[in-house]
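*Asks:* Pasting a structure below so you can have a look.
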Amino acid sequence: MGGKPILRDLNLSIPKAKTHALIGPNGSGKSTLAYTIMGIPKYKITHGKILFNKKDVSLLPPEKRAKLGIAMTFQNPPEVKGVTLSEFMKRISKGTFDYDDPIISRLMQRELNVGFSGGEKKISEIIQVFSLKPKLVIFDEIDSGLDINKLDRVVQLMREELEKTHASALVITHRPEILSKMKPDMTHVMLDGKIVCTSKNWRKVWDTVRRHSYEKCKECKLSIHKS
Amino acid sequence: MKNAKSASYQYINHKIKEIYAQNGITLLPMKEAMKKIPLAKRYAKKGRNEGYFMWVKKQPKFPLSSCVSVSSKNISQHVLNLLVVEKGIHVDMLSLCNALVENLNATHDAKGTIILKEGASATFKSIHRWGKDDKLTTNYRFVLEKDAKLSYYYKSLSPPARMDIKTTVLCYEGAKADMEIVINASGSDVKTTDTLYLNGDNASGTIKSRIVVSNGSEAKVYSQIVGNAAGRGHLDCQGMLLDNESRVTFIPKLIDKNKDVTMTHEASIGKISEEELNYLRSRGLSEDEAIELIVNGFLR
Ligand SMILES: Nc1ncnc2c1ncn2[C@@H]1O[C@H](COP(=O)(O)OP(=O)(O)OP(=O)(O)O)[C@@H](O)[C@H]1O
Ligand SMILES: [Mg+2]
């Protein structure tokens, strides 16, 4: 990133139809990993590669990766003036979508993300991303800024869609609620651009982090790669 | 009755193709009107005998339209239009000027005056579509008498290599004018001069310009509001640059000649946001498609 290495020695693989979680302190590189997988041009890979369905996508631009089925929800999606969410959805969507939801219908008529509240942006992200019929979705802090009822609704939507389409997911979060609801098959901890722990039991990982700190994850023996 | 018109003037090269108006509207070729109608005589200009004279005396049911085109090579049009709308009448005018194909080397030089009498109102849409090698010069003047209202919209999405357009609006007491100028210049030299005069108390108006430049374009946008009376005016200029070979210069001016006038302006020039571009690309749009979407959104 601008010549500064952010991610190092990173190995992560998400099997088909599985949901993985990624946690880690602020600035540890979670979003950077998401952008790198998505192919955002300013995040350059200096070593290694990204395989998607056995295909090396490391050199593909984001739109090509999107066409192959990689999608992400942005932590802070930008405002795009002059196009409504509804028009944009029609443009990108691979199928029909109809959400019987008053909040969504209201957002549909507004310009893409313009003046959307924190929670509204998340809802807009979710419906856009699922309209792409993705095979892998990275949710970058989809749960932050959502009230508890909205969180339930969004998680329900995520689970339904992922199940229906057998898509894989990477859920980036700072909160245990979404983990308890999504029940990730695997949880990874990122520290200073490295994955320092990978465990099947998100609760144990979370307990360690809460009782001690993320730093502790360097030494603890929970990780399947250490024991 | 989707395409119904209350008056229609169609002109190609140097010939009238259609001239039609409903009862209550006088529509004549300028050449003829200059001889018969004193009002037209007053606006006559030497060397300009193309164009229309339109006088709206009864509330029209449908929009009015004019379409001036060029279809052959090396045509040089010198147009003079006059539109007069009587008291309290509302009109919707669509004015289209274009070259039907590229590479005609046309010259379109148009002058016009639009008079909105007391309490009259108009939406005036002017759409230009010219080829790269055409030359375009326009000079339009709108006179808004007491309490008249104008909403003016000019759009050119593929300007010729050289264009110079001038629009002047005079607002008298209580009159209100909103002007919007939208230009997407690619490889063009564009000059626009937009002036709004607040000549009566409570006159008000805005000038909004949206200019996108690419492929070595150079746009100079002169917009000014002259406050001669206790009115309100606002200037809003925004430019977007798509490459480093292009340039936009905004020259906004607020000229205050009355202590009770309120005038404000905002101007900004920027590039396409990298963040927006990447966001749209991550949703499957190619880089060009994403730029197009952002540009269209900006010009909308
Ligand atoms: N455009 C950039 N320029 C410079 N540094 C950057 C840029 N983008 C990210 N970084 C740096 O890279 C590091 C990782 O950032 P990243 O956004 O990936 O963290 P994160 O784990 O997602 O944090 P958070 O939990 O706060 O969202 C941070 O130190 C950040 O400041
Ligand atoms: Mg982040």
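*Asks:* Applying 1/(1 + (r/R0)^6) with R0 = 45 Å to the Cβ-Cβ distance of A:LYS216 and A:ARG153, what FRET efficiency is obtained, to the nearest 0.05?
*Replies:* Here the calculated transfer efficiency is 0.85.
*Asks:* Can you tell me how much longer the chain between A:LYS183 and A:ARG91 gets when fully stretched, taken as 0.36 nm per residue apart minus their C-alpha distance, in nm with one decimal?
*Replies:* Length gained between A:LYS183 and A:ARG91: 29.8 nm.
*Asks:* Then there's this: Mind listing which trypsin sites (Lys or Arg not before Pro) in segment A:125-227 are in a DSSP loop and have 10 or fewer other Cβ atoms within 10 Å?
*Replies:* Listed in order of number, the matching sites are A:LYS221.
*Asks:* Moving to a separate point now. With springs only between Cα atoms under 10 Å apart, run a GNM on chain B and tell me which of B:SER126, B:SER268, B:SER158 wobbles the most.
*Replies:* Fluctuation is largest for B:SER268.
*Asks:* Here's another thing I want to ask about it. Could you tell me what a quarter of the Cα convex hull surface of segment B:1-85 works out to, in nm² with one decimal place?
*Replies:* 6.0
*Asks:* Same structure, new question: Need the C-alpha centroid separation for segment B:27-48 versus segment A:23-72, integer Å.
*Replies:* Result: 68 Å between the Cα centres.
*Asks:* So which trypsin sites (Lys or Arg not before Pro) in segment B:1-35 end up in coil per DSSP with only 12 or fewer other C-beta atoms within 10 Å?
*Replies:* Listed in order of number, the matching sites are B:LYS2.
*Asks:* For the residue pair B:ASP243 and A:THR165, what label-to-label distance in nm results when each label sits 7 Å from Cα along the Cα-to-beta-carbon direction?
*Replies:* 3.6
*Asks:* With N set to the residue count of the protein assembly as shown, report its C-alpha Rg divided by 2.2 N^0.38 Å to two decimal places.
*Replies:* In units of the globular-protein estimate, the protein assembly as shown measures up at 1.27.
*Asks:* Could I ask something else about it? Exposed loop sites here are chymotrypsin sites (Phe, Trp or Tyr not before Pro) in DSSP loop states with at most 16 other C-beta atoms within 10 Å. What is the longest stretch of chain A lacking them? Please report the intermediate quantities before stating the final value.
*Replies:* On the way: sites that count: A:PHE97, A:TYR99.
Between the exposed loop sites, the longest stretch runs A:100-227.
*Asks:* Further question: About the Cα centre of segment B:121-242, what is the dipole size in debye to 20, counting +1 per Lys and Arg Cβ and -1 per Asp and Glu Cβ, all else neutral?
*Replies:* On the way: 16 positive and 13 negative charges, 50 e Å.
Value, rounded to 20: 240 debye.
*Asks:* Something else about it: So if each residue of separation counts as 0.36 nm, and I subtract the Cα-Cα distance between A:ILE103 and A:SER117, what length gain in nm does that give?
*Replies:* My answer for the length gained is 3.9 nm.
*Asks:* Any chance you could check the Cα centroid distance between segment A:93-134 and segment B:238-254 for me, in angstrom?
*Replies:* 34
*Asks:* Taking the Cβ-Cβ separation of A:LYS4 and A:ILE224 as r and a Förster radius of 25 Å, what is the calculated FRET efficiency to the nearest 0.05?
*Replies:* Efficiency for this residue pair is about 0.25.
*Asks:* Right, something else. In whole Å, what is the distance between the alpha-carbon centres of segment B:72-127 and segment B:171-195?
*Replies:* 14
*Asks:* Please say if segment A:61-166 is rounded, prolate or oblate, where rounded means a/c under 1.5 for a ≥ b ≥ c the square roots of the C-alpha gyration tensor eigenvalues, and otherwise the choice is prolate for a/b larger than b/c and oblate otherwise?
*Replies:* Because its axes are fairly even, with a/c under 1.5, segment A:61-166 counts as rounded.
*Asks:* Which value, in square angstrom to the nearest 100, describes the accessible area buried between chains A and B on both sides, using a 1.4 angstrom probe?
*Replies:* Counting protein atoms only, the buried area is about 1900 Å².
*Asks:* For segment A:88-150, just say rounded, prolate or oblate: build the C-alpha gyration tensor, square-root its eigenvalues into a ≥ b ≥ c, call rounded for a/c under 1.5, and beyond that prolate if a/b exceeds b/c, oblate if not.
*Replies:* oblate
*Asks:* Subtract the Cα-Cα distance of B:ALA230 and B:ASN23 from 0.36 nm times their separation in residues, and report this length gain in nm to one decimal. Please list the in-between numbers first.
*Replies:* Numbers: separation 207, 0.36 × 207 = 74.52 nm, distance 3.93 nm.
Computed gain between B:ALA230 and B:ASN23 is 70.6 nm.
*Asks:* Work out which GluC sites (Glu not before Pro) in chain B are exposed loop sites (DSSP not H, G, I, E or B, at most 15 other Cβ within 10 Å) and give the longest gap free of them.
*Replies:* My reading of the result: B:103-244 is the longest stretch.
*Asks:* To make sure I understand the rule: partners must be lysines, Cα under 24 Å from the Cα of A:LYS221, and not fewer than 8 residues away in the same chain. Which ones qualify?
*Replies:* Partners found: A:LYS18, A:LYS30, A:LYS183, A:LYS194, A:LYS200, A:LYS204.
*Asks:* Still on this structure, I have one more. What is the Cα radius of gyration of chain B over 2.2 N^0.38 Å, N being its residue count?
*Replies:* Relative to the rule-of-thumb radius for its length, chain B sits at 1.04.
*Asks:* What is the mean number of Cβ atoms from other protein chains located within 10 Å of the Cβ atom of each residue in peptide B:271-280, rounded to a whole number?
*Replies:* Shielding by partners across B:271-280 averages 6.
*Asks:* Another question about this same structure. Which percent, nearest 5, of DSSP beta bridges in chain B are antiparallel?
*Replies:* Antiparallel bridges: around 10 percent, rounded to the nearest 5.
*Asks:* Keeping every protein chain present and rolling a 1.4 Å probe, give me the accessible area per residue for segment A:7-141 in Å².
*Replies:* 48
*Asks:* Treating cross-link reach as a plain straight distance, find the aspartates and glutamates whose alpha-carbon is under 12 Å from the alpha-carbon of A:LYS81, omitting any fewer than eight places away in the same chain.
*Replies:* A:GLU111, B:GLU276
*Asks:* Leaving ligands and nucleic acids out of the surface, order B:ARG247, B:ARG283 by accessible area at 1.4 Å, largest first.
*Replies:* B:ARG247, B:ARG283
*Asks:* List, by residue number, every residue in segment A:42-89 with a reduction of 40 Å² or greater in accessible area between the chain on its own and the complete protein assembly, 1.4 Å probe.
*Replies:* A:GLU63, A:PHE74, A:PRO78, A:VAL80, A:GLY82, A:PHE88
*Asks:* Quick one: with all protein chains in place, what share of the accessible area of the protein assembly as shown is carbon or sulfur, to the nearest percent (1.4 Å probe)?
*Replies:* Ligands and nucleic acids excluded, carbon and sulfur reach 49 percent.
*Asks:* Select from segment B:133-221 those chymotrypsin sites (Phe, Trp or Tyr not before Pro) which occupy a DSSP coil region and have at most 10 other Cβ atoms within 10 Å, ordered by residue number.
*Replies:* Within segment B:133-221, no chymotrypsin sites (Phe, Trp or Tyr not before Pro) qualify (loop, at most 10 other Cβ atoms within 10 Å).
*Asks:* Then there is this: Rolling a 1.4 Å sphere over the protein heavy atoms, what is the accessible area per residue of segment B:100-212, to the nearest Å²?
*Replies:* I get 34 Å² per residue for segment B:100-212.
*Asks:* In what order, largest first, do B:LYS149, A:LYS67 sit by accessible area if the probe radius is 1.4 Å?
*Replies:* A:LYS67, B:LYS149
*Asks:* Which value does Rg/Rh take for segment B:31-73 over its C-alpha atoms, Rh per Kirkwood?
*Replies:* 1.05
*Asks:* In a Gaussian network model over chain B where Cα atoms closer than 10 Å are linked, find which of B:ARG141, B:ARG281, B:ARG162 has the largest mean-square fluctuation.
*Replies:* Highest fluctuation of the listed residues: B:ARG281.
*Asks:* Here's something else I'd like to know. I want the antiparallel fraction of DSSP beta bridges within segment B:21-148, as a percent rounded to 5. It would help to have the intermediate numbers written out before the result.
*Replies:* Values: 5 of 46 bridges.
Here the share of antiparallel DSSP bridges comes out near 10 percent.
*Asks:* Please work out the FRET efficiency for the pair B:LEU39 and B:ARG162, using the Cβ-Cβ distance as r and a Förster radius of 41 Å; give the result to the nearest 0.05.
*Replies:* The pair B:LEU39/B:ARG162 has a calculated efficiency of 0.75.
*Asks:* Determine which residues of segment B:158-186 fall in the zone a paramagnetic label at B:ASN105 would reach in this model, i.e. backbone nitrogen under 19 Å from the point 7 Å along Cα→Cβ.
*Replies:* B:160-163
*Asks:* Let me ask something else. To the nearest 20 debye, what charge dipole does the protein assembly as shown have about its Cα centre, counting +1 at the Cβ of each Lys and Arg and -1 at the Cβ of each Asp and Glu?
*Replies:* It works out to roughly 680 debye.
*Asks:* I need the Kirkwood Rh of segment A:130-219: take the reciprocal of the average 1/r across all distinct C-alpha pairs and report it in angstrom. Spell out each step's value before the answer.
*Replies:* Working: mean 1/r = 0.0710 Å⁻¹.
Across segment A:130-219, the inverse of the average 1/r is 14.1 Å.
*Asks:* Return the subset of B:LYS149/B:LYS257; B:LYS41/B:LYS257; B:LYS87/B:LYS253; A:LYS67/B:LYS271; A:LYS42/B:LYS220; B:LYS73/B:LYS111 for which the Cα-Cα distance in this structure is over 25 Å, preserving the input order. Walk me through the numbers on the way to the answer.
*Replies:* Numbers: B:LYS149/B:LYS257 23 Å; B:LYS41/B:LYS257 33 Å; B:LYS87/B:LYS253 32 Å; A:LYS67/B:LYS271 27 Å; A:LYS42/B:LYS220 33 Å; B:LYS73/B:LYS111 22 Å.
Distance filter (> 25 Å) returns B:LYS41/B:LYS257; B:LYS87/B:LYS253; A:LYS67/B:LYS271; A:LYS42/B:LYS220.
The values are calculated or read from the model by the stated rules, or taken from the named source; none is laboratory data. Note that the structure is predicted; figures quoted are calculated from it, not measured. Note that each Cβ is placed from the backbone with ideal geometry, even for glycine, and that neighbours are counted across all protein chains shown. The area values use the complete protein model at the heavy-atom level, side chains included, leaving out ligands, DNA and RNA. Shrake-Rupley method; radii C 1.70, N 1.55, O 1.52, S 1.80 Å.
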